[in-house]
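Below is one structure, written out as structure tokens; the observations come after it.
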Amino acid sequence: MKALTWQGKRQVGYGDVPDPRIQEPTDAIVKVTSTGICGSDLHLYEVMGPFLDVGDVLGHEVIGVVEETGSAVDGLRAGDRVVVPFQIACGSCFMCTQGLQTQCETTQVRDQGMGAALFGYTKLYGQVPGGQAEYLRVPQAQYGPIKVPDGPPDDRFVYLSDVLPTAWQAVEYAAIPAGGTVVVLGLGPIGDMACRIAVHRGHRVIGVDLVPERLERVQEYGAEARMYSDDVAEQLRDLTDGRGPDAVIDAVGMEAHGSPVARVAQQATGLLPDAIQRAFMRKAGVDRTAALLLAVDVVRRGGTVSLVGVYGGMADPLPMLRIFDKQIQLRMGQANVRRWSDQILPLLTDEDPLHVDTFATHHLPLSEGPAAYETFQKKADGAVKVLLRP
């Protein structure tokens, strides 16, 4: 089959890889009909190479049709239309029953000290072949795949794999009070969708980004917008009675603009041999933390910072005195897809209150994936969300 594979820093290939097959009774094989490029995929494209091997199949946002199921998979059959959550969870262990599917004890990658296995996301998360491909092997298919109706286009449901539950959890974790204000830093796919969800819930939403087209997008759906600048913290305080917003969602993560020292550190780390890079990244701070520091600075005293952007350093410095003094609550983590999917599905109707049908900015064949990664990474051509069709 054809797939997108990691070939090196800023190098994605399109070519043949082995067809997936049933390996365990709880597996299913899904024929992929649409697959997204996620903002976190760009971390693999740019920073996380030490934890990848040439030829690893990328991608973790998938909708498709079941082709085959293992003998222990009940409730799915060939021909079912399904969305595949980005994490692999069993649904029955202690962590899954707590609604923490990203900590699934059945698929935890214990040799790396990490949580549940993820599709297409490095040795740290199990090195499971991803879904930017014609077919995907889905472990734990007795629980993971979400059945969705036939009829509406893929765009209606594909975001249940990652974008919707990740943005939903970010808003849940932000604990925005009734009538309160939330600032969303970074208006890529997750930040954009978080704005839509928060607006839908009736909150005042202020989005911050560097890209004018992204600011315009969130304004179309009822959010206010501010261009990132050196004085943006003061602007945000001025907009919130001088005290700052009730909550801030950091949807940027490890590659934030405005962190020149950390940017140099990331680039320097990239020049080291892979084994040394892996050891360094496990023990050192390699994130660009400008967005996180801005969130801590601008949130009001007693407010909440919800971290949804991916961070990767083990020793990144935090302004603990300021966090403690301001009595800030921090919540974070990979989204627990099945925890939220039943709450989100009723919104994916023809009324389309979250505007998912028009969320993608680019629809391209899978063969154009390598160029699409470059476009998305450069924030060129208005790229916010790219969907690929195998």
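The values are calculated or read from the model by the stated rules, or taken from the named source; none is laboratory data. Here the structure is a predicted model, which means the values were calculated and not measured. Quick reminder, even Gly has a Cβ in these numbers, built from the backbone with ideal geometry, and neighbours come from all protein chains shown. Ligands, DNA and RNA are stripped out before the accessible areas are found, and what is left, the full protein with its side chains, is counted by its heavy atoms. Shrake-Rupley method; radii C 1.70, N 1.55, O 1.52, S 1.80 Å.
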Candidates VAL163, VAL171, VAL148, filtered to the one that is more than 24 Å from VAL17 (Cα to Cα), surrounded by fewer than 23 Cβ atoms within 10 Å (Cβ to Cβ) and of a type outside the set (Gly, Ala, Ser): VAL148
Of all residues in region 82-109 being over 22 Å from the mean Cα position of the chain (by Cα) and of a type outside the set (Ser, Thr, Tyr), the one that is surrounded by the fewest Cβ atoms within 10 Å (Cβ to Cβ): PHE94
Hits in region 131-143 - residues which are open to solvent by 10 Å² or more (accessible area, probe 1.4 Å) and either of a type outside the set (D, E, K, R) or free of Cβ contacts under 8 Å to residues at least 60 places away in the same chain (or both): TYR135, PRO139, GLN140, GLN142, TYR143
Residue tally, condition open to solvent by less than 50 Å² (accessible area, probe 1.4 Å) and more than 20 Å from VAL308 (Cβ to Cβ), over region 184-232: 1
Residue in region 340-372 that is surrounded by the fewest Cβ atoms within 10 Å (Cβ to Cβ), counting only those that are among the hydroxyl-bearing types (Ser, Thr, Tyr) and under 17 Å from ILE190 (Cα atoms): THR358
Members of region 376-390 that are open to solvent by 30 Å² or more (accessible area, probe 1.4 Å), outside any loop (DSSP other than H, G, I, E, B) and modelled with pLDDT of 95 or more: ARG389
When residues of region 33-49 are limited to those that are surrounded by fewer than 24 Cβ atoms within 10 Å (Cβ to Cβ) and at pLDDT 90 or above, the one nearest to ASP155 (Cα to Cα): SER34
Any hit, region 305-321, residues being farther than 15 Å from VAL252 by Cα and open to solvent by less than 30 Å² (accessible area, probe 1.4 Å): no
Residue satisfying condition, being at pLDDT 95 or above, in a helix (DSSP H, G or I) and over 18 Å from the mean Cα position of the chain (by Cα), within set LEU364, LEU345, LEU330, LEU321: LEU345
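Between GLN112, GLN127, which is touching a Phe, Trp or Tyr at 6+ places or on another chain (Cβ under 9 Å), at pLDDT below 95 and surrounded by fewer than 20 Cβ atoms within 10 Å (Cβ to Cβ)?
Details: GLN127 fails: at pLDDT below 95.
After ruling out the rest, the residue left standing is GLN112.
Kindly establish whether ARG301 is more than 28 Å from PRO212 (Cβ to Cβ), under 17 Å from the mean Cα position of the chain (by Cα) and either modelled with pLDDT of 95 or more or open to solvent by less than 60 Å² (accessible area, probe 1.4 Å) (or both). Walk me through how you get there before you give the answer.
Numbers: more than 28 Å from PRO212 (Cβ to Cβ): yes; under 17 Å from the mean Cα position of the chain (by Cα): no; either modelled with pLDDT of 95 or more or open to solvent by less than 60 Å² (accessible area, probe 1.4 Å) (or both): yes.
Criteria not met by ARG301.
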For ALA268: the one exception among (1) farther than 25 Å from PHE376 by Cβ; (2) modelled with pLDDT under 60: (1)
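So if I check each of GLY79, GLY75, which one is within 30 Å of ASP150 (Cβ to Cβ), modelled with pLDDT under 95 and not aliphatic (A, V, I, L, M)?
Working: GLY79 fails: modelled with pLDDT under 95.
The match here is GLY75.
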